[in-house]
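The block underneath contains the structure these notes are about, expressed in structure tokens.
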Amino acid sequence: MKWFLQRLQAGWHLPVTPLDDGGRRQPRSTLVIRRGWFFPLIFVAFLGLGFVSPMLISTDPNHIQINQRLQPPSAEYWFGTDHLGRDVLARVSHGGRTTLTFGLCAVAITMLIALGIGMFAGYYGGQVDLWLNSLIDLVLTLPTLLITLALLGILGVSGPTLILALVSTAWAAPARILRATTLAIRSSGYIEAARALGSPQHRILWRHIAPNIATPFLMLASLELAEVLLVISALSFLGLGTQPPHADWGVMIAESRAYIGQAPWLMWAPGLYIVLYSALANLAGDGLKQVLDQSLKRT
Amino acid sequence: MNNEDRPLRRPLFDRRSFLRLMTTLAGGTVLAACGQAVPSTAPEGGEPAGVPSAADPTLAPSAATFDRNASVALGVSRSLVLGEEDPWYTHSSLMCWEPLVGLDDRLNPIPVLAESWELSEDGLTWTFQLRQGVQFTDGEPFNAAAVIANIERNIQISPRSSNFFTMNAPLAYGDLAEVTADGDYTVIFRHNQPFPVMEATMSNFFSAMFSPRSFTAEGNFSDIPGTTGPFILVDWQRDQTYRLERNPTYWGTPANVREIVFQQIADANTRLAALESGQVDALVELGALSLPQAAALRGRSDLTVAAGPITLAQWIHFNCGRPPFDDVRLRQAVAFALDRQFIVDELAFGFGQAQTGILSTLSERWFSPKGIVPYEPERAAELAAEVLQGQRATVILPFDPNNARIPRELPEYMQSVLNPLGFDIQLQAVEAAVLTDIVGQGEWNIRLTNGFGWANGDPDFRFRPHLHSEGSANTTQNGRYRNAQVDQLIDSGVLERDRQKRFAICEQIQAIAAEEVPALVLYDVISPYAFNAKINNLGLRITYQPTLELMTKQA
Amino acid sequence: MGHYFQRRLLITFPTLFLITLGAFLLTTAARGDPVLILLEQSDQPPTPELVAFYREQLGLNDRLPVRYWRWLGSVVQGDLGRSFLSQRPVAAILGERIVPTLVLGFTAFIASTIVGILLGAVLAVTRFWQLDLVTRMTLSVVSAIPSFCLAIGLISLFGTHLRLLPVAGYGSWQHLVLPTLALALGPLFVTVRLTRGAMIDILHEDYIRTARAKGLDQRRIIFHHVLRNAALPLTTFVGMRFGALLTGAAIIESIFAWPGMGTVFITAIAGRDLPVIGGYLLLIGPLIIGVNLLTDLLCWAIDPRVAFSHTQGAR
């Protein structure tokens, strides 16, 4: 305890170096993978796993066996069976693919809109910027979850409406940040120079702005994915998720709530998957931020 | 960077003072908000208020084992107090108001505030003798004038929808010409058309009695109404808590607890957690426990799970106006194929009575075993094969997966049983609003409901909506069942005064319903509830009323 | 500056108008008939006469523009109308729910903000990397738990097992603890990360290093310079978060039987209860717009130079 307090105190007196991060000694630059890329890579690996794993499991996730219902985890059913005797392992894997597909689609569309509007506003400025910014302001004003709920409740739940509802308000916040980033890059010396040299605009955008905006873009995307996974599960909780018999993790958790007294394991599998992927997305975003900070400080 | 060395601008107000102002404001708002969140809690326990004298000798000996001053906390799932705009203010489950005519546990009309009633020879006049010496809690006497005021008010506000029960005066009182008093304690109803079923149709909700002083000119309540029941609603917060106190001047046996506080908890898991953590003493009323919860609680030593039959039923409805179920043989095939005992035992965790028909087995007067549809899977397969000739019939089954009353497994179970017969059951999981729309548009072949509480025990209440060609299930809900003979039987049954003859008609209708299956009752619902070790004598009536007035709590 | 706020205020009215119009159009276009929903509440199949009666009474026989115009007219006169489902005045329905919503929103907001900033500051200043890593890993996992799972866990732990706190209801500070925790733990991670990041950035700034080299008091540096300069990005985030806490608590409200507005809104959507949906949006819209404006004002108060760089556009 005493050591701990001393250690906390000591932090203040450590020398501050440009690449300093929390007093940890920097790794040698010979390391192929720079710190910060660790979690993003893990996350990508898990994403791949999420899409591949359903193919490895031969059990039909929608196969009903009423006489096998609510079985606890066993060698045959690793995660047990649900209220219709369906294999939870198969469902959680297949459901994962559904959840991740929805999540990734929603994030991809969100981020593309954000990128387009952010870069456009940041690069061109002037009237364009003024109007786009007002639009961003307006959308940021909207109560996000309410709009999502209203859209789903009213348009009915299906894949496209789910993604539409998720995207409808989510793009504004990353758009604002990407705009600020573009603005910062644009006003830096070398872009000015390139413009002075008469480089065509698409070339400037593609060769100079895009590479610099890539890391913040990925960072925002992974944080957005963490958020979207939670929103999808919240929607399922409210009965606005994927439609039975197909499952996503949120629906599985929502279904399992009725049997929490008899079969608590039903909630564990989908719950752990959501937490795992969402936490990894968070950490990946965090790691990318670190990468970004380091590269910004180098330049 | 120091802000002080920048050239000073002179804004409207200094931003430091603005910051300070905002901090104060924010703090103040939070404090104020918190202040409002803490109501002056009523003094709990230790205060022997209004101990009723040992007026009732039958209860005196056991008084030592329980606390007559007890305060009981009950958890419920739905709103039981709806307030001024509602025709009844409180649900009958709270036992604040009482009807003229009640229902016993076999759905027979029994006297409550009316002591007796009789129908004239021509079937046009009902005469009710009222209980004497009853007073409303606001001091008004209960007499013929009060009854007339209530009936007139009900007619005035009808129709009025309500979460409890839609106020629909013609359904209750028929074609009423006038209501008059004969002395202080006799009320006479005169009809234009004979209406021999009124003792049943006005039972329970439709003859609820409130102090005439409680109504405004429009027939709405102005405040908590004066009532006659064993409990008085003292105060309530909508959708949260309602506090009842024992009515010290109750005309019958006074209740065994001083106070009951209802806590409304919509979420089933939280509700159970409230019971397990001791926040409430019991979970009662409709939907107190979900079926899986009740099954999981069996065998617990600290909690008791009990269950009582109620008038709700689990139904399957067919769209008889659309292929494939316009063919009676396919409706029969479905009815014969479903193993209803299995559904009760496995899917409803044993909370149901499968040997039933379109009338509930609870009904002593009207239920006939001829209404029971047998389980005959071979015959089902034959019938299906005969009609379908090897082709597959597409069947749309829309359902609301969030409807907690319908067993979650039922749609998938039906799919697994019926698809091998040649049906192609397409499940459409939709939210409740969309489901009403699908039903209203007739875009369905088969659907599930859990409801239609048989509120008055009269067979017409069940027959007409489901079997009559002008019944609501066959019109607005597109059941489209047509049978002229049934129509005629139903219409004549309502006018039949002789109980034997009416039973014969009812038996005939039940037999036809079992034969032609426009709708199928899978099982009569048995409703589970739970209480902790301190609570005794807590039962459940068929109209989902917990027996609050008999309930005791140990000291 | 003044110009900016004028514009923000002016944009409020068209925004509200558009939102309510959108709500009207969507709700009307949606499947689901309020009359059938209303009449099926009480479990009896509705007769054709009842359906016709209520369709007339709720004014659903009129065309959409007529209905919207009528609604708008009564709103301008201060009447939000009556709920389709409960027949109660919308103002009364929302009025009795707004205080609990604000109480829960404020408490969760303040809890997550204060704890988040403190934790973030400690991580940034002490630069104790083991602690930093553990805290951030823990928080990233905790904030990845869906709020309703968190709520179920909290109920089971503090209610059923420890029997310390009431699991449901509204009334005392004890009732407030569990919903607050369930709501506040999620955004904590972002607050900590933002504070920590912003503070580390500022610790690298020349003027801080100068101040430290000069041997200025540690506490003074942290509170006077670092925290204050880190406040800007935080305020923006926290302001956006507040709106989310106000409107996003519906699930938590329903789990803890908290009588807030979120559940009312969800019920209204499920019941196609247009007057309640419209009234709710009219009430919550200005509240969120107000909070956003306040956030901007605070940013301006903290540092007038930076706050509006994003509105002035590129040079």
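The values are calculated or read from the model by the stated rules, or taken from the named source; none is laboratory data. Bear in mind the structure is a predicted one, so any value in this text is a computation, not a measurement. Quick reminder, even Gly has a Cβ in these numbers, built from the backbone with ideal geometry, and neighbours come from all protein chains shown.
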Legend entry - Total residues in the range C:13-43, condition out of contact with any Gly (no Cβ under 8 Å at 6 or more places or on another chain) and among the polar types (S, T, N, Q): 4
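Listed here are the residues, each with its yes/no results for (1) buried (at least 21 other Cβ atoms within 10 Å of the Cβ); (2) within 14 Å of chain C (Cβ to nearest Cβ); (3) touching a residue at least 24 places away in the same chain (Cβ under 8 Å).
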position: A:Val52; (1), (2), (3): no, no, no
position: A:Thr59; (1), (2), (3): no, no, yes
position: A:Ile66; (1), (2), (3): no, no, no
position: A:Ser74; (1), (2), (3): no, no, no
position: A:His83; (1), (2), (3): yes, no, yes
position: A:Arg86; (1), (2), (3): yes, no, yes
position: A:Ile117; (1), (2), (3): yes, yes, yes
position: A:Ala121; (1), (2), (3): yes, yes, yes
position: A:Gly125; (1), (2), (3): no, yes, yes
Inset, instruction - Go through (1) under 30 Å from A:Ser134 (Cβ atoms); (2) crowded, with 22+ Cβ neighbours inside 10 Å; (3) modelled with pLDDT under 80 one by one and return the number of the condition C:Cys299 breaks. - result: (2)
Legend entry - Breaking point among (1) over 25 Å from C:Phe265 (Cα atoms); (2) surrounded by 19 or more Cβ atoms within 10 Å (Cβ to Cβ); (3) away from chain B (no Cβ under 12 Å), for A:Trp268: (2)
Legend entry - All positions within the range C:25-52 that are more than 7 Å from chain B (Cβ to nearest Cβ) and charged (D, E, K, R): C:Glu49
Inset, instruction - Considering (1) within 13 Å of chain C (Cβ to nearest Cβ); (2) out of contact with any Phe, Trp or Tyr (no Cβ under 8 Å at 6 or more places or on another chain); (3) modelled with pLDDT under 80, say which one A:Arg186 fails and leave the rest. - result: (2)
Legend entry - Extreme residue, surrounded by the fewest Cβ atoms within 10 Å (Cβ to Cβ), among residues of the range B:352-394 that are more than 18 Å from B:Ala511 (Cα to Cα) and among the acidic types (Asp, Glu): B:Glu378
Inset, instruction - Check the range A:131-138 and report whether any residue there is of a type in the set (D, E, K, R), assigned to a helix (DSSP H, G or I) and either at pLDDT 80 or above or over 17 Å from A:Ala170 (Cβ atoms) (or both). - result: no
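Yes or no, residue by residue, for (1) buried (at least 23 other Cβ atoms within 10 Å of the Cβ); (2) among the aliphatic types (A, V, I, L, M):
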site	(1), (2)
B:Phe503	no, no
B:Ile512	no, yes
B:Leu522	yes, yes
B:Asn537	no, no
B:Tyr544	no, no
B:Leu548	yes, yes
B:Lys553	yes, no
Inset, instruction - Would you mind stating whether C:Phe5 is in a helix (DSSP H, G or I), under 25 Å from the mean Cα position of the chain (by Cα), without any contact (Cβ under 8 Å) to a residue 24 or more places away in the chain and more than 29 Å from B:Leu286 (Cβ to Cβ)? - result: no
Inset, instruction - Return a yes/no flag: does the range A:199-213 have any residue that is on the phi > 0 side of the Ramachandran plot and outside any helix (DSSP H, G or I). - result: no
Legend entry - Unmet criterion (only one of (1) over 30 Å from B:Thr449 (Cα atoms); (2) of a type in the set (A, V, I, L, M, F, W, C); (3) in contact with an Asp or Glu (Cβ under 9 Å, 6 or more places away or on another chain)) for C:Ile37: (1)
Inset, instruction - Select, from A:Leu104, A:Leu130, A:Leu146, A:Leu135, the only residue that is over 21 Å from the mean Cα position of the chain (by Cα) and over 22 Å from A:Ser187 (Cβ atoms). - result: A:Leu135
Inset, instruction - For A:Thr169, state whether it is surrounded by 15 or more Cβ atoms within 10 Å (Cβ to Cβ), assigned to a helix (DSSP H, G or I), without any contact (Cβ under 8 Å) to a residue 12 or more places away in the chain and of a type in the set (Val, Ile, Thr). - result: no
Legend entry - Residue count, the range C:62-91 (criterion: in contact with a helix residue (DSSP H, G or I) (Cβ under 6 Å, 6 or more places away or on another chain) and under 30 Å from B:Arg480 (Cα atoms)): 2
Legend entry - One residue from B:Tyr413, B:Tyr481 being assigned to a helix (DSSP H, G or I), touching a helix residue (DSSP H, G or I) at 6+ places or on another chain (Cβ under 9 Å) and crowded, with 19+ Cβ neighbours inside 10 Å: B:Tyr413
Legend entry - Selection status of C:Gly215, in a loop (DSSP other than H, G, I, E, B), at pLDDT 75 or above, in the same structural domain as C:Ile302 (by TED's automatic domain parsing) and not β-branched (Val, Ile, Thr): yes
Inset, instruction - For the range B:463-478, name all the residues that are part of a helix (DSSP H, G or I), within 11 Å of another protein chain (Cβ to nearest Cβ) and either in contact (Cβ under 8 Å) with a residue 24 or more places away in the chain or in contact with a Cys (Cβ under 8 Å, 6 or more places away or on another chain) (or both). - result: B:Arg464, B:His466, B:Ala473, B:Asn474
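Table: residues versus (1) under 20 Å from A:Arg176 (Cβ atoms); (2) within 16 Å of the chain's Cα centre (by Cα); (3) assigned to a helix (DSSP H, G or I).
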{"residue": "A:Leu220", "(1), (2), (3)": "yes, yes, yes"}
{"residue": "A:Val231", "(1), (2), (3)": "yes, yes, yes"}
{"residue": "A:Gly239", "(1), (2), (3)": "no, no, no"}
{"residue": "A:His246", "(1), (2), (3)": "no, no, no"}
{"residue": "A:Ala279", "(1), (2), (3)": "no, yes, yes"}
